[in-house]
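The values are calculated or read from the model by the stated rules, or taken from the named source; none is laboratory data. Model, not experiment: these values are computed from the prediction. Backbone-built Cβ (ideal geometry, glycine too); neighbour counts: all protein chains shown.
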Amino acid sequence: MIYAKRQAGFSLVELLIAMVISLTLIFACASVYSSLRDSIKASQDLSTAQESLRTAHYLMSRSVRQGYGLALSGANGTDRELIVTYGSEADNNIFYGCLGERQYSGAKDTFKIVDDNLYCHTVGKASAGAATLVSVEELVALDVTNISASLATGNKKGVYIALAIKGMPGDMATNGFKFSLAMRQRILIDAGVSNASNTSL
């Protein structure tokens, strides 16, 4: 009889203590998992934003450096379009637009935001002396919420650009990552460098 009583089950107090300990462990694991998941998502968002910024900066830099004319349009609020023109149509010089395709003088690249993505729209000639213009538009960067640009004062041979991209840290997500670009092609031509249009950029 004494042995049988000692083999009885857990008391109610013991069960309650075990449940409290188990729930504490479950909540701790859930909290760690949630924190880890948020950290991984923030890291992925930052990686995507950096890749978008890197791509946008590279393509816009290449266009502006080769460009002879710059213009801004689409001034609805702070959203703007950046338009780069390659030389005058009479020159028949060769350039490479934002999409990497061979372009001739007079071609235009337009960087614009559509549905929070950055697109490049190229209008140019398929060959030298061609009368028909070819129009191509491609997505170049994801999650770009705003592009603001202003022409450099004075000689206006450059542009200041700010790109706001989702996932960027701090105020860069709203105010944008700011950088400046110089029109190297126009600077060389205006400086009288011979054969400037064929200079490697």
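Computed values, structure above
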item	result
Search result, residues across the stretch 106-124 that are in contact (Cβ under 8 Å) with a residue 24 or more places away in the chain and farther than 18 Å from Val144 by Cα	Lys108, Thr122, Gly124
Condition broken by Arg80, with the remaining ones in (1) without any contact (Cβ under 8 Å) to a residue 24 or more places away in the chain; (2) more than 22 Å from Leu188 (Cβ to Cβ) satisfied	(1)
Candidates Gly124, Gly67, Gly87, filtered to the one that is modelled with pLDDT under 80, in contact with a Ser or Thr (Cβ under 9 Å, 6 or more places away or on another chain), of a type outside the set (Ser, Thr, Tyr) and crowded, with 18+ Cβ neighbours inside 10 Å	Gly87
